Structure formats: structure tokens, C-alpha cells
1. Tell me which strands (runs of 3 or more DSSP E) are completely within segment 6-103 and hold 2 or more residues being under 22 Å from Gly168 (Cα atoms) and touching a residue at least 24 places away in the same chain (Cβ under 8 Å), or say none if there are none.
2. Suppose the filter is under 24 Å from Leu144 (Cβ atoms), among the charged types (D, E, K, R) and open to solvent by less than 40 Å² (accessible area, probe 1.4 Å); does Asp86 pass it?
3. So, in segment 174-184, exactly how many residues are touching a strand residue (DSSP E or B) at 6+ places or on another chain (Cβ under 8 Å) and surrounded by fewer than 21 Cβ atoms within 10 Å (Cβ to Cβ)?
4. Looking at segment 136-153, which of its residues are open to solvent by 60 Å² or more (accessible area, probe 1.4 Å) and outside any strand (DSSP E or B)?
5. Counting only residues that are of a type in the set (Gly, Ala, Ser) and crowded, with 18+ Cβ neighbours inside 10 Å, which one in segment 89-120 is nearest to Val228 (Cα to Cα)?
6. Which one is most open to solvent (accessible area, probe 1.4 Å), of the residues in segment 53-71 that are out of contact with any Leu (no Cβ under 8 Å at 6 or more places or on another chain) and more than 14 Å from Lys88 (Cβ to Cβ)?
7. Given the conditions (1) at pLDDT 95 or above; (2) open to solvent by less than 60 Å² (accessible area, probe 1.4 Å); (3) not small (Gly, Ala, Ser), and given that Thr123 satisfies all but one, which numbered condition is not satisfied?
Amino acid sequence: MSGLEEISEDERVRIASDFIKAAPPGEFKEVVNDVRVLLANDKLLTRASSVFYDYATEQFTTVKVDGEDTLITKEGSLDGSKRFYDPKNSKSFTYNYLKNEATDVEEEERDSGAEKWREAIQTALKSYLDEFFPAHVTAVYGKLEDDQVTITVCIEDHKYNPNNFWNGKWKSKWEIKFPTAGGFAKVDGAMSVQVHYYEDGNVQLLSNKKVEESVQISSPSEGANNVVEFIKKSETDYQLAINENYTSMSNTTFKALRRNLPITQTLIDWHKLHGFQVGKDIMNKS
């Protein structure tokens, strides 16, 4: 305890904040509870809680709003803190980070200038996501500024299995920008996979990839189909690359982490173990 007391309060808050920001998917509450025990000071935990917003929005945390799932994202933030927007149902709500609950739900107006484009992409996404991401939660945001439409697509899917000591999350973000007259849209995408396995150890996988493309978008319907086709191709290629990479690593990198043979480079004949001094020692001790 004396070592902990030598660390300043500011430094303790910084360390606690780093722990919270690094919490694996599906383990936010557990990490916060552990940090609270380590700090043994709720005032310091309150200061560290300033990172809750960053963690929840970066993770695309899911929450139910009037019975339907939506995402906690920076694009949906209305105050940079606790008030968020659900674009699918056009509702705003206050989010409780520790309880993962939405309260004070209210109707919220959409940006009408971007709505036809936003709705077209949201509709076009459904069949693709339903096929490849059965448990997906998606938020599609739209805004119009100076004759430029910006559509932001946030996709999240996860599987948490704490009983078997693993949790995993997929998320991707797609930003589509184009003039109101149509033509070509610039599409920027960022995809990531995060997995945590912690039975008798602590192994994490974190993989990211960014892509960009110019997509024809002359009308909401055509544009939405072209955008979704690019998203589908990019995400499929990325997932196949991950599978190939770790199949290869299992035969190379992972094998290098363990010794196939003892130093003698010969297999041990366990039936003859009693003939060695070590075998006699073991049998005598048993």
C-alpha cells in the first residue's frame, strides 16, 4: 500500500483511466469494478469516469431504446457526454454508462436534407447484414452542410461468452460524402476485430483495416446499392484475409512459441523413464 500512496492522485486517475479505456469488449463493468477496488477512493473514480464516453463511443456500445437496439457513437452524441440520438427511430435519450440503460427518451427531428439518402442506405444494408451478421446493430446518420451530404454508417456485432472465458466484437464505420446533385461519392471505411480469451491466461487479438473508394451515386437507390456493394466486398475481403493470416500463423508463428522436442531433439520414451535416475527419483518420492 505504501507504494500506491506514493503515486499522486492525478497519476492514479490517469492509470485508472488507461485501465478503463483498455477494457476488452463485454468487460467494461468488470474492469470498472476492479479499478474501483484498486483506487479505494470513489472521488478518484468519478474523475476517471470522464473516459466512459470515449470508451462507449469507440466500442459502438449497444443499448436498448424503447425495446430496440441502437449504438452509442460520437456521430450520435448530442452533448458530448450523456445525451445521444437513435437515427433509425428518430429518438434522443440519456445514457447511463454503468447500467447500460437509456432513459428520458424523446422524439427528435431528422436532418430532412439528407434523409432520403440516409434511409436508402439503411434499407439497402439490411439484407446484407441480416445474412452475414445475424446479431448486428446498425446506426446510419445523415446530415447536409453547404450542399454536401454526409452519411455515416456504424455497424456492430458481438458475441460474449464469459462462461467459457472469451468475448469478441466486430465493428466498422463508413463515411460517405457527396454533393446533393449526386455524381460520385467518396467512401472511407474503417473495420476492426477485437477478441479476448482469458482462461488460464490473457490473450487478445486486435486487428484494424482502412479502405477508401469513389462510388457512383446518381440517385438514392442506385447510390445506396453501390455503397453497400463496396461495404460488402471490403468486409468480406478483410475477414477472408484474417482467416488466411491466422491459419498461416498457426503453422508458423504459434508453433515457434513452443518447443516441439526437448533439447536432445528426440522424443522421450516414457516407458523407459524408470531406467533414468530422474525416473527413480520421481517414483521414490511418489
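1. Numbers: elements: 61-65, 68-72, 83-86, 91-96.
Fully inside segment 6-103 and qualifying: 61-65, 68-72.
2. Numbers: under 24 Å from Leu144 (Cβ atoms): yes; among the charged types (D, E, K, R): yes; open to solvent by less than 40 Å² (accessible area, probe 1.4 Å): yes.
Here the answer is yes, as Asp86 does meet what is asked.
3. Within segment 174-184, the first condition is being touching a strand residue (DSSP E or B) at 6+ places or on another chain (Cβ under 8 Å), and the residues that meet it are 174-180, 183-184.
Filter once more, so that each one left must be surrounded by fewer than 21 Cβ atoms within 10 Å (Cβ to Cβ): 175, 177, 179-180, 183-184.
Final tally of qualifying residues: 6.
4. In the first step, residues of segment 136-153 are kept if they are open to solvent by 60 Å² or more (accessible area, probe 1.4 Å); the result is 143-148.
Across segment 136-153, the qualifying residues are Asp146, Asp147.
5. Ranking the candidates gives Ala120 first.
6. Glu58
7. (2)
Here's the yes/no breakdown for (1) at pLDDT 90 or above; (2) farther than 29 Å from Val137 by Cβ:
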position	(1), (2)
Trp170	yes, no
Lys186	yes, no
Gln194	yes, no
Asn243	no, no
Asp269	no, yes
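The values are calculated or read from the model by the stated rules, or taken from the named source; none is laboratory data. Since this is a predicted model, take the numbers as computed values, not measurements. Note that each Cβ is placed from the backbone with ideal geometry, even for glycine, and that neighbours are counted across all protein chains shown. All accessible areas refer to the heavy atoms of the entire protein, side chains included, with ligands and DNA or RNA removed. Shrake-Rupley method; radii C 1.70, N 1.55, O 1.52, S 1.80 Å.
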